[in-house]
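Visitor: Take this structure first; my questions come after.
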Amino acid sequence: MDHAYDNGHFLVLGAPGAGRIGETDTLEEAFALIAADLPPDAGPAVRGPGGR
């Protein structure tokens, strides 16, 4: 999610199979939607073993 679609909006998708979360006007709003959709028991993000 590093760029807006042709219509200038950001499309926010959930995990595979979860579908669409929403569409926003700004990247900040898109990240807010992602944060609001996290499960309550989600832990911190950590770098995986691939060094990615």
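Visitor: What residue, among those in region 1-18 that are in a loop (DSSP other than H, G, I, E, B) and in contact with a strand residue (DSSP E or B) (Cβ under 7 Å, 6 or more places away or on another chain), is modelled with the lowest pLDDT?
Guide: Among those that are in a loop (DSSP other than H, G, I, E, B) and in contact with a strand residue (DSSP E or B) (Cβ under 7 Å, 6 or more places away or on another chain), it is Met1.
Visitor: May I pose another question? Which count do you get for residues in region 19-29 that are in contact with a strand residue (DSSP E or B) (Cβ under 9 Å, 6 or more places away or on another chain) and outside any loop (DSSP other than H, G, I, E, B)?
Guide: 7
The values are calculated or read from the model by the stated rules, or taken from the named source; none is laboratory data. Fair warning: this is a prediction, and the values are worked out from it, not measured in the lab. Please note: Cβ atoms are built from the backbone with ideal geometry, for glycine as well, and neighbour counts cover all protein chains shown.
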